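Before any comments, here is the structure.
The values are calculated or read from the model by the stated rules, or taken from the named source; none is laboratory data. Please read these numbers as outputs of a predicted model, since none were measured by experiment. Note: ideal-geometry Cβ built from the backbone for every residue, glycine included; neighbour counts use all protein chains shown.
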Amino acid sequence: MNRYFYIDAEGKQKGTFSPEELRQEGIKRDTLVWTQGMEQWKRAEETEELNFLFSDAYRKPLASEDQPPVRYDRPGESTETQQIQPMPRTWLVESILVTILPFMLCSSILSLLGIIGIVYAAQVESFYNRGDYAASLESSRSAAKWTKIAMWIAIGWIALIIIAIILFAVFIGSISGLAGMEDLLNT
Amino acid sequence: MRKELKIGIGAVVTVLVAAALYIFYTFDPETQPLFPKCPFLLATGYECPGCGSQRAVHSLLHFNIGTALKYNAFMVLAIPYIFLGIYLQYFGGKKRFPSVEKILFGRWAALALLAFILVFWIARNV
């Protein structure tokens, strides 16, 4: 189970807590949390592991849920730099790679996913340059999502090909014996 | 990302790439039935932008650059581009050559690449 930092009502970073301890701390749906491996601070309700805190069984009456969420930098970075946040990761290189590589694996349909990734990835920089950090972050997440979907399907596809090759080799081996197999390899 | 995880992924990728290179060197995709076939080509009879890239890789591994270019010129040119991208993103090239990344993997490069793929796609089928 991960241990989380969270941002309290005064904007102070606190941590680390297990999900159960977070509940006792009284975090809300829109409390920003962060744990190792996360790209950005996220609202607690968007974090899979913390989702259960807000299910009906766990719900406690909460006073002020209407406060707008505020974004903060990661722990360790100065909170003074909120205005000049670094550009979110663009994922351009990755999305370009998952667009080109499927062509080599004869799964050109996958490239469509890569192209969606590219479109979002290109938006990250334009939004950021326009000063719209939230939109930029949103595009970055979408780009990451599509790129990763394409990547995992590609990995599954490669695994399938490998299995097919092994099955094929076993099949040929079983019907013609090892000598026959060698002949096949040498053609 | 944790360091052990990074090393693990690196090891798996290295083994897979080595295995793939060995397979592509030993077997000729032209004559062997065990290589994946392009669903687009089977369905429409037209070649997709990637058709021929496996044969091209086989030829490249045997240093037949001319044959490789004939099979799929785009993919032969894309290979150094792919390696450059991986280097820039995962081996610190981004920090050392930020301008190269900006030009070759920027927004306009991505757009130009898509346009190029489209043109190549049409051109090889007419």
Query raised in the report: If only one of A:G156, A:G117 is in contact with an Asp or Glu (Cβ under 8 Å, 6 or more places away or on another chain), at pLDDT 85 or above and not hydroxyl-bearing (S, T, Y), which one is it?
Result: A:G117
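Residue-wise test of (1) surrounded by 14 or more Cβ atoms within 10 Å (Cβ to Cβ); (2) in contact with a strand residue (DSSP E or B) (Cβ under 7 Å, 6 or more places away or on another chain); (3) modelled with pLDDT under 75; (4) not hydroxyl-bearing (S, T, Y).
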{"residue": "A:F5", "(1), (2), (3), (4)": "yes, yes, no, yes"}
{"residue": "A:L22", "(1), (2), (3), (4)": "yes, yes, no, yes"}
{"residue": "A:V33", "(1), (2), (3), (4)": "yes, yes, no, yes"}
{"residue": "A:E46", "(1), (2), (3), (4)": "no, no, no, yes"}
{"residue": "A:P61", "(1), (2), (3), (4)": "no, no, yes, yes"}
{"residue": "A:E80", "(1), (2), (3), (4)": "no, no, yes, yes"}
{"residue": "A:W91", "(1), (2), (3), (4)": "yes, no, no, yes"}
{"residue": "A:S95", "(1), (2), (3), (4)": "yes, no, no, no"}
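Would region B:98-111 turn up any residue that is assigned to a helix (DSSP H, G or I), touching a Ser or Thr at 6+ places or on another chain (Cβ under 8 Å) and either more than 9 Å from chain A (Cβ to nearest Cβ) or surrounded by 15 or more Cβ atoms within 10 Å (Cβ to Cβ) (or both)? Show your work before the answer.
Residues of region B:98-111 that are assigned to a helix (DSSP H, G or I), as a first pass: B:98-104, B:107-111.
Filter once more, keeping what is touching a Ser or Thr at 6+ places or on another chain (Cβ under 8 Å): B:107, B:110.
In the following step, the residues that additionally are either more than 9 Å from chain A (Cβ to nearest Cβ) or surrounded by 15 or more Cβ atoms within 10 Å (Cβ to Cβ) (or both) were identified as B:107, B:110.
Among the residues of region B:98-111, at least one is assigned to a helix (DSSP H, G or I), touching a Ser or Thr at 6+ places or on another chain (Cβ under 8 Å) and either more than 9 Å from chain A (Cβ to nearest Cβ) or surrounded by 15 or more Cβ atoms within 10 Å (Cβ to Cβ) (or both), which makes the answer yes.
Among the candidates A:S107, A:S111, which residue alone is at pLDDT below 85, within 11 Å of another protein chain (Cβ to nearest Cβ) and touching a Ser or Thr at 6+ places or on another chain (Cβ under 9 Å)?
Numbers: A:S107 fails: touching a Ser or Thr at 6+ places or on another chain (Cβ under 9 Å).
The match here is A:S111.
Let's see how each residue does on (1) surrounded by fewer than 21 Cβ atoms within 10 Å (Cβ to Cβ); (2) hydroxyl-bearing (S, T, Y); (3) facing chain A (nearest Cβ under 10 Å); (4) part of a helix (DSSP H, G or I):
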| site | (1), (2), (3), (4) |
| --- | --- |
| B:T14 | yes, yes, no, yes |
| B:Y22 | yes, yes, no, yes |
| B:Q32 | yes, no, yes, no |
| B:F35 | yes, no, yes, no |
| B:C51 | no, no, yes, no |
| B:V57 | no, no, yes, yes |
| B:F74 | no, no, yes, yes |
| B:L77 | yes, no, no, yes |
